[in-house]
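First the structure, in the form of structure tokens, and then the observations on it.
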Amino acid sequence: MMVPEIITSGQNPKIKALLELQEKSRARREKGLFVVEGQRELDHCIAAGFVPDTIFICPEIYAPAREGVPPEGRATRGTEAGGPRAERVVRSGAARLLKGVQPSPAEPKFFQVSRNVYEKIAYREGTEGIIAEMKYKDRSLEDIKLSENPLIVVLESVEKPGNLGAVLRSADAAGADAVIICDPLTDLYNPNLIRASIGAIFSRQVAAATSEETISWLKANNIQILTAQLQDSSLYYDTPMTGPTAIVMGTESTGLTDIWRKAADKHIRIPMLGALDSLNVSVSAAILLFEAVRQRSGRFSEASDL
């Protein structure tokens, strides 16, 4: 690895380019790059086969974080941008990150950034002092590898990054095979989505497709379609989910479109005992996913005593 360039100004063109990737989906699409912040998220991202293009490390923050020292006790002497220890920290961090990277024709570029610059580009307090621009990778239905008894989550027109991230975390916790997002406007590499998912956007298989494409794919793979809806539906815990299953949910305001209602094998609902008639989609996803987990643990029969 070459000697990393030192960046101490927020006006540096590399920093401006990174901020543009964070803020604009068009820039991400045009450049084929997206931004990941934090060691945990980057580890998940690289484990999923993504390749870094440019990596920014702040040695004043990164070295103590790796040593497990609490923030109030961190010693930063010698790690200021430009010092010999700082360069060693950057090289060490780069080597650690690249251990899991798949071979690539182009070696990633590394930059050493000062604390003030890092604070400008970082969203989270207490982050580990590392941010990377990662290369896009297509994530289509054809790329999904199914288990023998798949469990799939399908979201139609759910665009809020916080909701998507929370659903991804539940899907990861439940061991779901994949999450499919049916909305052409969804940006799978929105930094807010990556942060909200705490890396689950990479630890789970995720694809974006139209509803029509997804329905055809599910039927071709003999996966039953269960749509979450209030009308013409059965209680979710009375519905078998022990076989290949896709749980499909829409937005809280409008629910699912007719194409999903008609394609469904069964309609399911969560009983609502209060004055309101809807739950946050991420809460609903968690309830339904873990019902599938419960049933698959052997505690369900169609004549159960629930």
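Okay, residues lined up against (1) outside the structural domain of ALA285 (by TED's automatic domain parsing); (2) at pLDDT below 90; (3) touching a Cys at 6+ places or on another chain (Cβ under 6 Å); (4) farther than 24 Å from GLN295 by Cβ:
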| residue | (1), (2), (3), (4) |
| --- | --- |
| ILE152 | no, no, no, no |
| GLU156 | no, no, yes, no |
| CYS182 | no, no, no, yes |
| LEU188 | no, yes, no, yes |
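Does ILE198 count as hydrophobic (A, V, I, L, M, F, W, C), assigned to a loop (DSSP other than H, G, I, E, B) and farther than 22 Å from GLY255 by Cα?
Here the answer is yes, as ILE198 does meet what is asked.
Against the definition (without any contact (Cβ under 8 Å) to a residue 40 or more places away in the chain and in a strand (DSSP E or B)), how does VAL179 come out, yes or no?
yes
Pairs please, first residue from the stretch 203-230 and assigned by TED's automatic domain parsing to the domain that holds GLY165 and free of Cβ contacts under 8 Å to residues at least 24 places away in the same chain, second anywhere and surrounded by fewer than 19 Cβ atoms within 10 Å (Cβ to Cβ) and assigned to a loop (DSSP other than H, G, I, E, B), Cβ atoms under 9 Å, 6+ apart in sequence or on different chains.
ASN222/GLY243; ASN222/PRO244
Of the residues that make up the stretch 258-265, is at least one in contact with a strand residue (DSSP E or B) (Cβ under 8 Å, 6 or more places away or on another chain), assigned by TED's automatic domain parsing to the domain that holds SER284, in a loop (DSSP other than H, G, I, E, B) and over 27 Å from PHE34 (Cα atoms)?
Scanning the stretch 258-265, I find at least one residue that is in contact with a strand residue (DSSP E or B) (Cβ under 8 Å, 6 or more places away or on another chain), assigned by TED's automatic domain parsing to the domain that holds SER284, in a loop (DSSP other than H, G, I, E, B) and over 27 Å from PHE34 (Cα atoms), so the answer is yes.
Just a yes or no: is a residue in the stretch 260-280 more than 21 Å from ALA176 (Cβ to Cβ), touching a helix residue (DSSP H, G or I) at 6+ places or on another chain (Cβ under 8 Å) and aliphatic (A, V, I, L, M)?
no
Check ILE194 against each of (1) surrounded by fewer than 21 Cβ atoms within 10 Å (Cβ to Cβ); (2) at pLDDT 90 or above; (3) of a type in the set (Val, Ile, Thr) and name the one condition it does not meet.
Going through the list (1) surrounded by fewer than 21 Cβ atoms within 10 Å (Cβ to Cβ); (2) at pLDDT 90 or above; (3) of a type in the set (Val, Ile, Thr), ILE194 breaks only (1).
Which of the helices (runs of 4 or more DSSP H) found entirely inside the stretch 1-104 contain at least 1 residues meeting this: at pLDDT 85 or above and loosely packed, with under 15 Cβ neighbours inside 10 Å?
13-23, 25-31, 39-47
Considering every residue within the stretch 154-173, establish whether at least one is among the hydroxyl-bearing types (Ser, Thr, Tyr) and over 23 Å from ASP258 (Cα atoms).
yes
Considering only residues that are within 15 Å of the chain's Cα centre (by Cα) and not in a strand (DSSP E or B), which ones fall in the stretch 128-139?
Selection gives TYR136, LYS137, ASP138, ARG139.
Pull up the stretch 110-127, narrow it to residues that are in contact (Cβ under 8 Å) with a residue 40 or more places away in the chain and part of a loop (DSSP other than H, G, I, E, B), then point me to the one that is farthest from the chain's Cα centre (by Cα).
By that ranking, first place goes to SER114.
Is it the case that the stretch 166-179 has a residue that's modelled with pLDDT under 90 and assigned by TED's automatic domain parsing to the domain that holds ARG269?
No, the stretch 166-179 has no match at all.
Within the stretch 149-176, take every residue that is part of a loop (DSSP other than H, G, I, E, B) and out of contact with any Ser or Thr (no Cβ under 7 Å at 6 or more places or on another chain) and give me the one that is nearest to THR214 (Cα to Cα).
For the stretch 149-176, the residue satisfying everything is PRO150.
The values are calculated or read from the model by the stated rules, or taken from the named source; none is laboratory data. Keep in mind the model is a prediction, meaning the values are calculated, not measured. Please note: Cβ atoms are built from the backbone with ideal geometry, for glycine as well, and neighbour counts cover all protein chains shown.
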